[in-house]
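These notes concern the structure reproduced below.
The values are calculated or read from the model by the stated rules, or taken from the named source; none is laboratory data. Note that the structure is predicted; figures quoted are calculated from it, not measured. Reconstructed Cβ throughout: ideal geometry from the backbone, glycine too, with neighbour counts over all protein chains shown.
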Amino acid sequence: MGHALHEACRVLKPGGRVVDIRPYFPASLGNRRHARQQVYCQVAHEVNQVATLAREYVDFHFADRVVAEAVAGREIVTGARTVFVFRHYFDSLELFDRCRAMWWDKAHIPVADRRLLERTLGRHPSAVIRVDTPVQLQVLTKI
Amino acid sequence: MKGVRVDPERRETRIIRRHVPFDGARVLDIGCGDGRLSNRIRGWIDSIVGVDLTGEDVGRAHARKRLEGIARFAVADASCLPFHDRSFDLALFSWSL
């Protein structure tokens, strides 16, 4: 997707905006826990963190570089930026696994975390699996 | 997909609304998937075009009745968009840049 931002700028009118929404995994923070997706089990109002989804961050850093190059090339200027938590909910482990394979195929779940997730769901079959992903929204304006 | 809920609290939609002036915009949703985000912003925009590499997802986006009349979707490569220069007001990349 290296040229996708360049193509977006081509089809935008001058002053048009690019809205870039994607997982926020800042390696520079040196905080690996923060950079991972957190997996929770929810039973009624009780919420327990049971696992993490970890992945390599190369893809997201590549996107950072593409944006930085477009800014340096005076193609766009950066505007508002904010970070928020984006949530996915799954009613079963099967659905969680199926979607994980589709959406987060590069992420892995540590063996111990997986066991804890399975044990928790075994004790609470009606539990809902929640995945929290830190996400950034950045608005870029075409020059 | 039944049994799966994506951002049901609509945090993403609220934050987009807070930071992005959509009113009357002609929007391009790049990597639109099944049209989830297009559907959520449909009330604020003039029209939207969604593109994705995956025909199956584009088919699901097409099937969203609420988008009839304001949206169209196509299979296209984001690195070679089949549109004229300067034809959109806003481009969305939701988890797709």
Filtered residue count, the range B:11-22, keeping only those that are more than 7 Å from chain A (Cβ to nearest Cβ), over 15 Å from the mean Cα position of the chain (by Cα) and of a type in the set (D, E, K, R): 2
Name the single residue that is modelled with the highest pLDDT among those in the range A:1-55 being more than 14 Å from chain B (Cβ to nearest Cβ) and on the phi > 0 side of the Ramachandran plot. A:Ala44
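Conditions tested, residue by residue: (1) of a type in the set (Ser, Thr, Tyr); (2) loosely packed, with under 13 Cβ neighbours inside 10 Å; (3) in a helix (DSSP H, G or I); (4) under 17 Å from the mean Cα position of the chain (by Cα).
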site: A:Thr52; (1), (2), (3), (4): yes, no, no, yes
site: A:Ala70; (1), (2), (3), (4): no, no, yes, no
site: A:Ala80; (1), (2), (3), (4): no, no, no, no
site: A:Phe84; (1), (2), (3), (4): no, no, no, yes
site: A:Ala101; (1), (2), (3), (4): no, yes, yes, yes
site: A:Lys106; (1), (2), (3), (4): no, yes, no, yes
site: A:Leu121; (1), (2), (3), (4): no, no, yes, no
Selection over the range B:61-94 where residues are over 13 Å from B:Leu28 (Cα atoms), surrounded by 16 or more Cβ atoms within 10 Å (Cβ to Cβ) and facing another protein chain (nearest Cβ under 7 Å) yields a count of 0
Does at least one position in the range B:65-83 carry a residue that is β-branched (Val, Ile, Thr), farther than 26 Å from A:His88 by Cβ and outside any helix (DSSP H, G or I)? yes
Say we look at the range B:29-60 and pick out the residues that are of a type in the set (A, V, I, L, M) and assigned to a strand (DSSP E or B); which of these is nearest to the other protein chains (Cβ to nearest Cβ)? B:Ile30
So B:Arg26 passes all but one of these: (1) surrounded by 15 or more Cβ atoms within 10 Å (Cβ to Cβ); (2) more than 13 Å from chain A (Cβ to nearest Cβ); (3) more than 10 Å from the chain's Cα centre (by Cα); (4) basic (Lys, Arg). Which condition number does it fail? (2)
Residue tally, condition facing chain B (nearest Cβ under 7 Å) and of a type in the set (Phe, Trp, Tyr), over the range A:78-111: 4
